[in-house]
Structure formats: C-alpha cells, structure tokens
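As structure tokens, the structure follows; a few thoughts come after it.
The values are calculated or read from the model by the stated rules, or taken from the named source; none is laboratory data. Keep in mind it's a predicted model, so treat the numbers as computed, not measured. Methodologically, a virtual Cβ is constructed for each residue, glycine included, from the backbone with ideal geometry; neighbour enumeration extends over all protein chains shown. These area figures cover heavy atoms from the full protein model, side chains too; ligands, DNA and RNA do not enter into them. Shrake-Rupley method; radii C 1.70, N 1.55, O 1.52, S 1.80 Å.
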Amino acid sequence: MPFVSDGRTLIQRAFEGNYALPSFNICSLEMAKACIEAAEQERAPIMLQTYPGDLEHGSPKVMTSMIRALADEVSVPIMLHLDHGPDLETATRCLRAGYSSVMFDGEEFPLEKNIHLTDQLASFAHAAGASLEAAAGSFGGGEGGDDEIHLTEPDDAARLYKEGHADMIAVSVGSKHGQASQLDLARLASIAKAVQGPLVLHGGTGIPASDLAEAVTYGVVKVNIGAGLQRAVMGVWKDKTASAACHYDVYHAARDALREVAKDKIHMTHAAGRAD
C-alpha cells in the first residue's frame, strides 16, 4: 500500500473504529523496518514517528524518503509523524519534506498562546494535506528532562481542539514517558466528553493493557511507543555485540527484538487486523 500522505485518513478510521494507532519512535532503518514488518504480519495500520533529536541523525527529507520506500514494500497503511515538535519551524520543515502529520507541543505556553500557535500551524498542515497533533498537558520522564506532569483539564483540551483546529489532542491522564503508569480513566472520560474528537496518549510503553482497552473507547486514536523500543535495542547491543561474528548478527537480533515489542503494542491498541 502506498505511504499514507494525509494522516487525517487513518486518524478518522481509528476514531470511528474504536482502536488506536501505535505510534513508534524510530531513528534508524532497523527500527523502522522491524515495526513495519510487525505491522504487515499483524495486518495493522501504524504510525512511525521521529523525535526532534532523531532529525540530527537524518533530516526530514531523509526520514520521509526512507519510510516511503519501506511502505512501498508492504500492503498495510504506514504514515510518518513528528513527535513533540518544539516550534513552528521544525514542524513546517517536516511538512515540506512530506510528513503525514506533525505535533506542535505548545504546552509550555499560556493556553491562549498555545491555541493561537496551534491554529497557525493547523492552517499550514491542512493546506499541505497533513494532520496536526496539539498538546493539552505534559507527560514528564523525558520531555526535555522535565519530570513534572501537568494533567489535562477537559475545558482546555476542548478549546485547543475547537479553536486551535488540531486533528487530535495529546492528553495527560497519568501516563509518563518511559515509566509504568496507571491512567485516570475518569479524567479521560471527562476530556472525551468535552472534546468530542480524537485523543492521544504519550508514555504508551508503561500503560497497562486493561487501561488501553478502555482508553480506545473514549476516542484515543494514537498511543506513543518509544521507551520499549529503545530498551529492546540497547538490550541486544549489550548482550550480542561482544560475541557477534559481524555487525549483521547484531542487526538481525535487534530487529527480532523490536518486532516482538511492536507486535505486542499493536495488539494492546487493538490495531491488529484493522488494515483489512
């Protein structure tokens, strides 16, 4: 299946189908290929995403070209997203390079400014035929080294969605980057009632399967997975590098480990079989 250029297509399908797209943070060919292989095996639509730091290892143009080429080899929908875009400049660079979707993380700003900047970028993203994620909360544990969590207020999320014209809103309801967590499902339900649109959870590696199963019923369409992939890669490097006959052995072992993590998250988000 061709690379999905406009992320709104998959977002709407997930919202209407009560499942979430696992959104895997990748920064290399091996990571991207493993996640796409898992998606093909499980017949799942997925997002691949790059953190701003990943763009120091490969420009937006390089990342887009790589993901497009890999997507052309499979028959399931694949899209590319910018995670935690810190400013409009970074997001527009990715959109011009052909990303399907971008996030503008304006949580550090007062709500009015966050809405204003989100609305500006929404106009550009939609004109480019792409989707936009905005942030109404913070998740700690890796966001710029800040461990503070700012839980989402339902009315703030609703305003950001409706006045900022974002396509999905990242909400903080207990999950934390890279750490085990428990969702405040009552807060999530209140946010869903106020927003009446697609929601996003960050820190997906540590969210229990039972919480994710309920979260998708409240309109969660995207769950970020980063730490689980990083740990899989680091574990293989530590265990295999010294004894490997050549670098290919390490690459193969890493891809095997990454593929299993991706398959597990595909099932937890109820995305398996949704490509058919």
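Side notes on the structure shown:
- The set of residues in region 7-27 that are open to solvent by 40 Å² or more (accessible area, probe 1.4 Å) and either within 17 Å of D72 (Cα to Cα) or of a type in the set (S, T, N, Q) (or both) comprises T9, Q12, N18.
- Qualifying residue in region 179-195 (condition: within 19 Å of M47 (Cα to Cα) and either touching a helix residue (DSSP H, G or I) at 6+ places or on another chain (Cβ under 6 Å) or not in a helix (DSSP H, G or I) (or both)): no
- Region 130-151 - residue that is modelled with pLDDT of 85 or more and in a loop (DSSP other than H, G, I, E, B) and, of those, surrounded by the fewest Cβ atoms within 10 Å (Cβ to Cβ): L151
- The C-beta contact set for region 165-191 (first residue under 15 Å from N224 (Cβ atoms), second residue assigned to a loop (DSSP other than H, G, I, E, B) and of a type in the set (D, E, K, R), distance under 9 angstrom, 6+ apart or interchain) comprises A170/D105; A170/E107; S172/E107; V173/D184; G174/D184; K176/D147.
- Region 60-75, residues that are β-branched (V, I, T) and open to solvent by 10 Å² or more (accessible area, probe 1.4 Å): V62, V74
- For region 30-63, the tally of residues that are farther than 20 Å from K222 by Cα and of a type in the set (V, I, T) stands at 1.
- Selection status of V4, over 24 Å from V220 (Cα atoms) and open to solvent by less than 60 Å² (accessible area, probe 1.4 Å): no
- A91, sole failed condition from (1) under 19 Å from K33 (Cβ atoms); (2) in contact (Cβ under 8 Å) with a residue 12 or more places away in the chain; (3) of a type in the set (A, V, I, L, M, F, W, C): (1)
- Condition check for L21: closer than 22 Å to Y218 by Cβ and of a type in the set (A, V, I, L, M, F, W, C): yes
- Residue match in region 158-168 (condition: within 30 Å of R68 (Cα to Cα), open to solvent by less than 30 Å² (accessible area, probe 1.4 Å), in contact with a strand residue (DSSP E or B) (Cβ under 8 Å, 6 or more places away or on another chain) and of a type in the set (A, V, I, L, M, F, W, C)): yes
- Applying the criterion of being open to solvent by 20 Å² or more (accessible area, probe 1.4 Å) and within 16 Å of H202 (Cα to Cα) to the residues of region 76-120, the residue that is farthest from the chain's Cα centre (by Cα) is E107.
- The residue of region 152-167 that is nearest to L201 (Cα to Cα), among those that are among the aliphatic types (A, V, I, L, M) and assigned to a helix (DSSP H, G or I), is A157.
- Residue in region 31-43 that is within 20 Å of G273 (Cα to Cα), open to solvent by 10 Å² or more (accessible area, probe 1.4 Å), over 14 Å from the mean Cα position of the chain (by Cα) and not charged (D, E, K, R) present: yes
- Flag for A227 being in contact with a helix residue (DSSP H, G or I) (Cβ under 8 Å, 6 or more places away or on another chain), under 22 Å from M47 (Cα atoms) and not β-branched (V, I, T): yes
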